Amino acid sequence: MIEGEAGMGKSRLVHEATAILKTEGWRVVTGFCCPLREPLPYGPVVDALGKVGPWLPATGLPPTAGALAPLLPDLADRLPLAPATPGHPGALRHQLIQAVRSVLDAVGRVILVVEDLHWVDDATRELLLLLARDLPDQFVLVVTYRAEDLPPGAAALGAAYRPPPGAGGTVIRLSPLTENDVADLAGAALGSHATPELCAVLHRRSEGLPLVAEEDLITLRDQACRDVRELERAEVPTGLQEAVTERLTSLSPIGAAVVDAAAVLAVPATEELLAEVAGLDGDAAAEGLVDALRAAVLRVTDSGRYTFRHVLAQQVAYRYIPWPRRARLHRRAIDELQTQDPLPLVQIARHTLATGDQGGWLEQIEQAVDQAVALGDTGTAATLLHQILDRPHVDTERRSRAALTLARIVNYGVDYAVTARELRTVLDDPRLPDAVRGEIRLGLGLVMLNLGADPAGFRELAHAVDELAATQPHKAAVAMFNLALNERDGAAAHAWDWQGRAERTVRDGADERSRRLAQINRLILMGRDGDPAVWPLLDRLPRRDAAGAVPRDATYALYALAEVAIQLGHDRRARALLREVEDLVEHAAHGRIECLPLVVELRLDWLAGRWTRLEEDYAALAQAHPDVKQINVDRTLCQGHLAFAQGRRSLAHDHFATAAAAANGTSEVDVSIRIAAALAAVRLGEGDPQAAWTIAEPALSMLRGLRSWTRTMDLVPVAAEAALACGHHALIERLVAAAESDLCDRDAPAASAELALARGLLLRATDPARAAEHFAEAQHRWQDIGRPYEVAKAAERRGEALTCSSAEDATTHLADAAGGFTELGATGDAARCQHRLRELGAQTSRRPGRRGYGGELSPRELEVAKLLADGATNQDIAQTLFLSPRTVEKHVARVLAKLRTERKVIQGGLPNSDRPGSHEPV
């Protein structure tokens with residue numbers, strides 16, 4: 001029994017499920033219940049049985065089946081002769097029921113689907129109940145219905161149903177699609193055009209109703225329309241119009257009056273407000289509400305207000321109201337709403353526009369914007385401002401005023417794509433004064449950078465400086481401060497020039513925010529330069545303003561310097577700063593900055609070796625904040641690092657390439673460098689240093705453009721190894737010397753560790769003993785920073801460097817590295833070290849003879865099982881564990897046999913895989 005309101009997808013579910021079952025040999029017949037069916041006994045079932053002709057046996061049908069011959073004339077020649085018609089209606093009903101059972105038994109594996117059971121006649125309902133209580137062999141009954149359209153208090157089959165012994169039965173209640181479900185549906189239909197904004201509108205219009213979402217998607221696909229605003233103005237899908245109109249026509253006059261009032265109000269309303277707008281007294285309004293509720297046109301909210309079941313149902317009902325009555329209802333709504341305190345200005349503005357008074361609407365909407373901004377509701381304010389900017393024939397002064405307001409609130413969580421488009425449209429107006437144009441351009445540049453991560457925003461800010469310098473120097477300084485943080489295309493060389501110019505601009509007469517911004521910007525630049533004085537200065541930065549509020553700038557400063565701290569190698573300080581940001585944002589609504597510390601904390605978890613729950617935590621964060629690009633970039637990078645550590649290079653490369661595509665064109669230089677370092681490392685692991693150098697060289701140029709070598713972001717050792725393998729020894733020698741000189745008196749432990757590795761790589765071939773000393777230095781530095789994976793990698797290099805001079809020391813450090821990798825779960829790295837140890841003849845603890853594991857997994861088989869559970873191919877396993885393909889085939893076969901499972905099943909997870917000897921079936 002499949003239950004769900006109109007458009008919820010009951011028929012689609014049946015269609016998709018039976019399509020699969022048909023391929024498995026099941027036969028499917030369908031009948032439909034209709035509200036105005038012409039008289040026909042058991043009509044829906046008889047209609048369905050009319051399709052079984054090809055499956056009826058040529059002989060052997062029992063005589064009882066002949067009772068259907070008069071009702072199925074097309075099958076009369078395949079059925080036994082019709083028996084005499086009983087004179088008693090009850091006997092005739094029994095005869096027909098037996099005939100139905102006989103035919104179903106004869107057909108064999110058959111599924112009978114009866115759609116729209118809420119319209120079924122009593123006789124057919126009784127037949128279905130009897131069939132359900134005594135199911136024929138190899139028979140499945142499926143019914144669909146709307147619970148709200150069943151008779152009050154009635155069960156779907158007319159009586160309580162319990163499956164008979166040996167039979168299954170269930171009720172599937174379809175619920176509305178979630179926003180993520182709608183996003184999945186849109187992604188399947190529209191691909192990359194299914195933006196978060198579009199999916200949000202689809203979900204809002206449909207309220208999770210699949211029929212509406214699908215109709216909208218068909219329209220978007222067929223018309224190649226991807227504009228969110230056009231979708232919001234689109235017509236209601238036909239299927240829903242028909243369903244709602246059918247219910248509207250069944251209402252009594254006072255029920256219709258209440259529904260009309262609800263349609264005009266368009267928001268959940270109290271019984272008293274509905275009565276006033278409808279022009280009804282209390283008793284009549286209550287009666288009308290009961291009628292509307294029984295017809296399932298309106299519903300009651302948890303707060304006791306009344307509204308439509310779907311927003312599109314409201315639109316259908318609204319259009320059903322003749323214009324003169326509609327205008328009168330809007331005027332009544334304005335009169336009633338103006339008596340409320342506080343005034344619902346947005347609602348009043350909408351009703352004013354609906355009466356045709358555009359001038360009055362503009363006045364009301366501007367008041368509503370002011371009210372929203374005053375209350376801190378910048379999302380509502382932005383929505384109202386977009387309405388003004390979208391409206392044709394709005395005078396230039398009012399459009400400029402709206403655009404300025406939008407530009408001022410633009411960095412507080414407003415929709416990036418829509419806002420940027422609106423601001424560009426306003427900037428195209430040649431009548432704008434330079435001062436107004438400059439401030440709007442400042443807002444555009446900031447939203448491009450802060451919400452869109454688009455480096456082109458820096459160009460807009462540079463133009464804004466010129467437009468604002470003469471008339472609004474303090475606003476020009478805001479643009480300068482942001483330009484000082486630009487690190488793209490060599491701009492970092494001018495960072496302190498922009499900072500100095502901005503500080504001079506705000507030195508006299510600056511407000512508190514401008515002074516705070518100057519201080520914060522200086523701290524960020526000091527942090528990037530590795531200036532050790534930055535941390536005590538940051539400790540003294542006020543976390544609250546004079547009024548006791550938490551300024552957005554202060555939380556941003558702490559977050560930005562936490563990012564810088566990670567790049568420098570101050571991981572513990574970074575985590576403390578992030579925790580402080582999380583505490584502060586609990587007391588202030590700061591939009592996206594609320595989730596960014598959580599993203600960076602997960603990156604710290606990776607660096608600190610806390611890998612166990614990383615994927616689950618990233619997935620939860622991405623689900624909670626689907627529109628934040630940084631989450632997906634960091635998550636994909638982490639997936640790549642995990643795969644690489646497990647020896648799955650191909651998968652790692654795919655993840656890193658996906659991250660590169662997602663981060664393409666962003667204003668964040670560090671992301672580009674980290675991705676390049678990861679991709680180059682994969683190519684080195686594959687034994688292709690030329691490809692690695694091709695990736696690393698442009699990233700190295702980007703790193704040189706940062707003005708200092710304090711933030712090397714994993715690139716230097718990878719680039720050095722690739723360059724040396726390609727014969728660029730002198731280049732790396734100069735690079736390391738310049739970097740070491742630059743780092744004098746700078747506080748950058750991670751860069752120092754990376755340079756120690758690079759210096760060791762330079763000496764590895766000519767002086768391995770000194771190379772080992774540099775690798776040891778790197779190992780200790782990473783230990784102090786708190787990055788165990790880097791510690792293990794440095795220990796491995798140290799061991800390799802000592803293989804020629806001290807086999808005992810070499811094996812000690814290689815064993816340490818193998819142990820570190822194993823503890824982390826870096827199975828590929830651990831296997832590489834263990835393989836090297838075996839090559840060196842290192843002794844491992846073995847007992848005489850070979851242990852027999854019987855039905856348990858051996859340690860090697862457990863390693864294979866874990867890799868299989870991660871989705872590794874045989875080739876991946878061979879590369880990771882340094883085994884031949886033939887050996888891998890044998891191990892895989894034994895693992896699957898012992899676990900009594902299949903390869904596709906084991907990929908769902910390996911139970912108890914943390915201990916050798918586990919062999920519980922999956």
Checklist entry - Would region 502-521 turn up any residue that is buried (at least 22 other Cβ atoms within 10 Å of the Cβ), modelled with pLDDT of 95 or more and aliphatic (A, V, I, L, M)? => result no
Checklist outcome for this item: Of Leu190, Leu127, the only residue that is modelled with pLDDT under 85 and either surrounded by 14 or more Cβ atoms within 10 Å (Cβ to Cβ) or of a type in the set (Asp, Glu) (or both) is Leu127
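Yes or no, residue by residue, for (1) crowded, with 16+ Cβ neighbours inside 10 Å; (2) closer than 22 Å to Ala262 by Cβ:
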residue	(1), (2)
Arg325	no, yes
His330	yes, yes
Gln338	no, yes
Val346	yes, yes
His351	yes, yes
Ile365	yes, no
Leu375	no, no
Next on the checklist: Restricting to region 627-664, and then to whatever is acidic (Asp, Glu) and surrounded by fewer than 23 Cβ atoms within 10 Å (Cβ to Cβ), can you tell me which residue is nearest to Ala183 (Cα to Cα)?
Outcome noted: Asp627
Checklist entry - Of the residues that make up region 635-643, is at least one within 23 Å of Gly825 (Cβ to Cβ), free of Cβ contacts under 8 Å to residues at least 40 places away in the same chain and among the polar types (S, T, N, Q)? => result yes
Checklist outcome for this item: Filtering region 99-138 for residues that are aliphatic (A, V, I, L, M) and assigned to a helix (DSSP H, G or I) leaves a count of 14
Checklist entry - Among the residues of region 353-363 satisfying the criterion of being hydrophobic (A, V, I, L, M, F, W, C) and free of Cβ contacts under 8 Å to residues at least 24 places away in the same chain, which is nearest to Val259 (Cα to Cα)? => result Leu353
Next on the checklist: Among the residues of region 25-84, what is the count of those that are among the basic types (Lys, Arg), modelled with pLDDT of 85 or more and in a loop (DSSP other than H, G, I, E, B)?
Outcome noted: 1
Checklist outcome for this item: Taking region 685-700 and keeping only residues that are more than 33 Å from the chain's Cα centre (by Cα) and either under 23 Å from Asp876 (Cβ atoms) or not assigned by TED's automatic domain parsing to the domain that holds His729 (or both), one is left with Gly687, Asp688, Pro689, Ala691
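Report those helices (runs of 4 or more DSSP H) wholly inside region 763-837 carrying at least 2 residues which are in the same structural domain as Met713 (by TED's automatic domain parsing), aromatic (Phe, Trp, Tyr) and touching a helix residue (DSSP H, G or I) at 6+ places or on another chain (Cβ under 9 Å). Full working, then the answer.
Numbers: elements: 768-785, 788-801, 807-824.
In region 763-837, the matching helices (runs of 4 or more DSSP H) lie at 768-785.
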Next on the checklist: Just to be sure I understand, how many residues within region 709-745 are acidic (Asp, Glu) and part of a helix (DSSP H, G or I)?
Outcome noted: 4
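Residues are listed down the side, and each one gets a yes or a no for (1) of a type in the set (Ser, Thr, Tyr); (2) part of a helix (DSSP H, G or I):
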residue	(1), (2)
Leu602	no, yes
Thr612	yes, no
Glu615	no, yes
Val633	no, yes
Leu637	no, yes
Gly647	no, no
Ser650	yes, yes
Ala657	no, yes
Checklist outcome for this item: From the option list Ala562, Ala533, Ala576, Ala546, single residue qualifying as among the small types (Gly, Ala, Ser), outside the structural domain of Arg674 (by TED's automatic domain parsing) and either crowded, with 16+ Cβ neighbours inside 10 Å or in contact with a Phe, Trp or Tyr (Cβ under 8 Å, 6 or more places away or on another chain) (or both) is Ala562
Item to check | Extreme residue, nearest to Val716 (Cα to Cα), among residues of region 675-698 that are of a type in the set (D, E, K, R) and in contact with a helix residue (DSSP H, G or I) (Cβ under 8 Å, 6 or more places away or on another chain) | outcome: Glu697
Checklist entry - Does region 56-65 contain at least one residue that is surrounded by 14 or more Cβ atoms within 10 Å (Cβ to Cβ), among the polar types (S, T, N, Q), without any contact (Cβ under 8 Å) to a residue 60 or more places away in the chain and closer than 21 Å to Arg133 by Cα? => result yes
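Residues checked against (1) crowded, with 16+ Cβ neighbours inside 10 Å; (2) in contact (Cβ under 8 Å) with a residue 60 or more places away in the chain; (3) assigned to a helix (DSSP H, G or I):
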residue	(1), (2), (3)
Thr666	yes, yes, no
Val671	yes, no, yes
Leu700	yes, no, yes
Arg707	yes, yes, no
Asp747	yes, yes, no
Ala751	yes, yes, yes
Leu757	yes, no, yes
Leu761	yes, no, yes
Item to check | Residue list for region 326-342, restricted to those being touching a helix residue (DSSP H, G or I) at 6+ places or on another chain (Cβ under 7 Å), more than 24 Å from Asp370 (Cα to Cα) and among the charged types (D, E, K, R) | outcome: Arg326, Arg332
Checklist outcome for this item: Here the qualifying pairs (Cβ atoms under 6 Å; residues six or more apart or on different chains; first in region 272-297 and closer than 19 Å to Tyr318 by Cβ; second of a type in the set (S, T, N, Q)) come out as Asp291/Ser252; Ala295/Ser250
Item to check | Which numbered condition Gly591 misses (of (1) within 23 Å of Val633 (Cα to Cα); (2) modelled with pLDDT of 95 or more; (3) surrounded by fewer than 19 Cβ atoms within 10 Å (Cβ to Cβ)) | outcome: (2)
Checklist entry - So which residues in region 296-326 are under 20 Å from Arg205 (Cβ atoms), assigned to a loop (DSSP other than H, G, I, E, B) and among the charged types (D, E, K, R)? => result Arg309
Next on the checklist: Residue under question is Val581, and the condition is that it be assigned to a loop (DSSP other than H, G, I, E, B), within 33 Å of the chain's Cα centre (by Cα) and either within 15 Å of Ala750 (Cβ to Cβ) or not assigned by TED's automatic domain parsing to the domain that holds Arg711 (or both); does it hold?
Outcome noted: no
Next on the checklist: Looking at region 851-867 only, could you name the residues that are surrounded by fewer than 16 Cβ atoms within 10 Å (Cβ to Cβ) and at pLDDT 80 or above?
Outcome noted: none
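The values are calculated or read from the model by the stated rules, or taken from the named source; none is laboratory data. These figures come from a predicted structure and were not determined experimentally. As a convention, Cβ positions derive from the backbone with ideal geometry for all residues, glycine included, and neighbour counts pool all protein chains shown.
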